[in-house]
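S.K.: One structure, as structure tokens, below. Some questions next.
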Amino acid sequence: MVIQFADQKREFNKRPTKIGRRSLSRSISQSSTDSYSSDSSDDETSPRDKQQKNSKGSSDFCVKNIKQAEFGRREIEIAEQEMPALMALRKRAQGEKPLSGAKIVGCTHITAQTAVLIETLGALGAQCRWAACNIYSTLNEVAAALAESGFPVFSWKGESEDDFWWCIDRCVNVEGWQPNMILDDGGDLTHWIYKKYPNMFKKIKGIVEESVTGVHRLYQLSKAGKLCVPAMNVNDSVTKQKFDNLYCCRESILDGLKRTTDMMFGGKQVVVCGYGEVGKGCCAALKAMGSIVYVTEIDPICALQACMDGFRLVKLNEVIRQVDIVITCTGNKNVVTREHLDRMKNGCIVCNMGHSNTEIDVASLRTPELTWERVRSQVDHVIWPDGKRIVLLAEGRLLNLSCSTVPTFVLSITATTQALALIELYNAPEGRYKQDVYLLPKKMDEYVASLHLPTFDAHLTELSDEQAKYLGLNKNGPFKPNYYRYLNFFILITF
């Protein structure tokens with residue numbers, strides 16, 4: 001069986017790599033005039049060519065500008081206020097240091113929220129080295145703040161393809177330090193170690209993966225008998241699927257589209273490709289804003305859900321000429337092909353809400369007959385010879401983290417799940433987990449949820465002994481069997 005990973009064949013949507021290009025480094029989330037991310041002559045130099053040190057004299061990092069650290073620290077402090085479970089985890093486990101001796105190499109989005117996770121892992125005893133899983137989602141000031149705090153971070157907004165892999169390699173290939181845990185988002189880090197440093201897996205205790213793309217790769221390895229360490233599938237945990245994938249995307253899809261295009265949603269025709277949790281969130285938000293929403297889907301169960309939620313199920317080629325917005329969220333490749341792009345109407349907006357940049361065939365647009373025109377940060381007009389143009393957002397990469405921000409509270413749920421998965425795999429006795437892919441135990445899912453309830457001043461009802469016996473449950477949970485499906489029903493408000 002041949003397993004294809006996204007390595008040199010990966011569709012990275014080739015970008016100019018010359019050092020002289022100006023980085024699109026300004027965080028869209030920041031409106032303060034106090035920002036350190038504004039354009040300057042310093043932005044002309046690639047971070048790889050800079051000699052930077054933090055206040056402690058360390059140079060084991062590569063960020064856009066270490067001088068942005070103070071501003072990034074303020075962003076992290078704001079995020080901490082909306083991440084109660086991680087802060088509670090720090091307090092509860094700090095004395096025990098459950099990750100003492102753990103050497104975690106991570107590849108995720110580098111935002112204020114993931115910075116809180118990284119610093120929590122450090123507080124729990126772990127040593128961490130970090131790179132970004134997306135070339136556009138890094139907040140430069142946050143990366144600088146982490147580097148200033150002593151975390152080896154290799155990331156900046158607007159990396160080239162070569163930069164992307166170089167940063168991952170700098171995290172992994174370091175003298176006198178070898179990881180024993182992996183935290184991945186998309187599978188690129190795991191793939192890089194398999195490809196370049198396979199012997200490292202002799203000391204690695206486990207992999208924690210949070211994206212559908214990365215999980216798919218792990219299951220491929222497992223099926224082929226090539227997965228040599230236990231892996232935890234965080235993406236399919238209840239707390240990730242039902243909160244991050246759904247509620248996060250329900251809010252951030254509107255934010256990303258609004259910030260990049262300033263469009264009005266009422267009356268617009270939108271096709272959402274995929275009706276998983278991400279697609280459900282996107283459809284609910286757009287319908288609530290008055291958009292006419294179509295759905296494409298391959299799974300008859302998800303398709304039936306879409307129909308019963310009031311959406312018309314179509315094939316993409318049936319509506320491609322008439323829609324105003326095309327949104328992909330399938331985790332697949334070539335969902336929107338060049339043929340679809342050629343048939344779109346003038347001004348159609350095309351974007352992706354899935355993790356991977358393979359859903360839209362952007363590479364097919366880089367041909368001599370088409371003109372690319374940069375309109376603003378992360379917004380390109382692709383112009384056909386007859387004058388027709390489409391609006392491509394983030395070059396087909398993840399819209400919300402590339403072009404806007406995401407709700408911090410929801411990311412607290414996912415980050416806490418990741419932290420507990422790392423603790424579980426790192427401390428598990430030998431033999432508990434074999435070389436396979438596992439779901440987070442239901443008890444941990446419930447624990448993550450319970451840590452967030454105090455924010456709402458919520459009060460759980462407790463079972464009596466008689467009730468618990470009647471249901472055959474432990475009074476402290478877990479309260480649902482592993483096969484239980486937590487379904488979502490939307491109340492759509494039309495403004």
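The values are calculated or read from the model by the stated rules, or taken from the named source; none is laboratory data. The structure displayed is predicted, hence computed values, not measured ones. Because the Cβ atoms are built from the backbone with ideal geometry, glycine has one as well, and the counts that use them run over all protein chains shown. Heads up: the accessible areas ignore ligands, DNA and RNA and are worked out on the full protein's heavy atoms, side chains in. Shrake-Rupley method; radii C 1.70, N 1.55, O 1.52, S 1.80 Å.
S.K.: Within the range 90-115, how many residues turn out to be assigned to a helix (DSSP H, G or I) and in contact with a Ser or Thr (Cβ under 8 Å, 6 or more places away or on another chain)?
M.R.: 4
S.K.: Out of contact with any strand residue (DSSP E or B) (no Cβ under 8 Å at 6 or more places or on another chain) and either assigned to a helix (DSSP H, G or I) or surrounded by fewer than 18 Cβ atoms within 10 Å (Cβ to Cβ) (or both): is that true of Gly310 in this structure?
M.R.: Spelling it out, Gly310 is indeed out of contact with any strand residue (DSSP E or B) (no Cβ under 8 Å at 6 or more places or on another chain) and either assigned to a helix (DSSP H, G or I) or surrounded by fewer than 18 Cβ atoms within 10 Å (Cβ to Cβ) (or both).
S.K.: Ok, one more. Go through the range 437-482 and give me each residue that's hydrophobic (A, V, I, L, M, F, W, C) and free of Cβ contacts under 8 Å to residues at least 24 places away in the same chain.
M.R.: Matches in the range 437-482: Leu453, Phe456, Ala458, Leu460, Leu463, Ala468, Leu471, Leu473.
S.K.: Next up: Scan the range 341-360 residue by residue and report those that are part of a loop (DSSP other than H, G, I, E, B), without any contact (Cβ under 8 Å) to a residue 60 or more places away in the chain and within 13 Å of Val326 (Cβ to Cβ).
M.R.: Answer for the range 341-360, where residues must be part of a loop (DSSP other than H, G, I, E, B), without any contact (Cβ under 8 Å) to a residue 60 or more places away in the chain and within 13 Å of Val326 (Cβ to Cβ): Met344, Lys345, Gly347, Cys348.
S.K.: Another one. Go through the range 236-255 and give me each residue that's buried (at least 24 other Cβ atoms within 10 Å of the Cβ) and in contact with a Cys (Cβ under 8 Å, 6 or more places away or on another chain).
M.R.: Cys249, Ile253
S.K.: Further, regarding this structure: I'd like the full set of residues that are open to solvent by less than 10 Å² (accessible area, probe 1.4 Å) and in contact with a strand residue (DSSP E or B) (Cβ under 6 Å, 6 or more places away or on another chain), limited to the range 380-402.
M.R.: Asp380, Val382, Ile390, Leu392, Leu393, Gly396, Leu399
S.K.: Kindly evaluate Gly158 against the criterion of being within 17 Å of the chain's Cα centre (by Cα) and surrounded by fewer than 24 Cβ atoms within 10 Å (Cβ to Cβ). Before the answer, list the steps.
M.R.: On the way: within 17 Å of the chain's Cα centre (by Cα): yes; surrounded by fewer than 24 Cβ atoms within 10 Å (Cβ to Cβ): yes.
In short, yes.
S.K.: Also, quick follow-up: Output the number of the condition that Gly331 fails; it satisfies all remaining conditions of (1) modelled with pLDDT under 95; (2) within 24 Å of Lys242 (Cβ to Cβ); (3) open to solvent by less than 20 Å² (accessible area, probe 1.4 Å).
M.R.: Tallying (1) modelled with pLDDT under 95; (2) within 24 Å of Lys242 (Cβ to Cβ); (3) open to solvent by less than 20 Å² (accessible area, probe 1.4 Å), Gly331 fails exactly one: (3).
S.K.: Another one. Identify all residues within the range 216-234 that are open to solvent by 10 Å² or more (accessible area, probe 1.4 Å) and in contact with a Gly (Cβ under 8 Å, 6 or more places away or on another chain); write none if there are none.
M.R.: Looking only at the range 216-234, we keep the residues that are open to solvent by 10 Å² or more (accessible area, probe 1.4 Å), and these are 216-217, 219-220, 222-226, 228, 230.
Correct list: His216, Arg217, Pro230.
S.K.: Does any residue in the range 397-425 that is hydroxyl-bearing (Ser, Thr, Tyr) come within less than 7 Å, Cβ to Cβ, of a residue that is open to solvent by 20 Å² or more (accessible area, probe 1.4 Å) and outside any helix (DSSP H, G or I) six or more places away or on a different chain, and which pairs are these?
M.R.: Ser404/Ile28; Thr405/Ser29; Thr408/Glu82; Ser412/Glu82; Thr414/Glu210
S.K.: For the list (1) part of a helix (DSSP H, G or I); (2) surrounded by 24 or more Cβ atoms within 10 Å (Cβ to Cβ), I need the number of the one condition that Trp165 fails.
M.R.: (2)
S.K.: Determine which member of the set Ile349, Ile360 is farther than 22 Å from His109 by Cα and modelled with pLDDT of 95 or more.
M.R.: None of the other options fit; the residue is Ile349.
S.K.: Taking helices (runs of 4 or more DSSP H) that fall entirely within the range 190-298, which contain at least 1 residues that are more than 24 Å from Leu392 (Cα to Cα) and within 18 Å of the chain's Cα centre (by Cα)?
M.R.: Working: elements: 212-223, 249-261, 277-288.
Here the list reads 212-223.
S.K.: Residue by residue through the range 361-376, note down the ones that are open to solvent by less than 60 Å² (accessible area, probe 1.4 Å) and either of a type in the set (Lys, Arg) or assigned to a loop (DSSP other than H, G, I, E, B) (or both).
M.R.: Residues satisfying the conditions are Asp361, Thr367, Leu370.
S.K.: Here's a follow-up. Every residue in the range 170-185 that is surrounded by fewer than 16 Cβ atoms within 10 Å (Cβ to Cβ) and not aromatic (Phe, Trp, Tyr), please.
M.R.: Result: Asn173, Val174, Glu175, Gly176.
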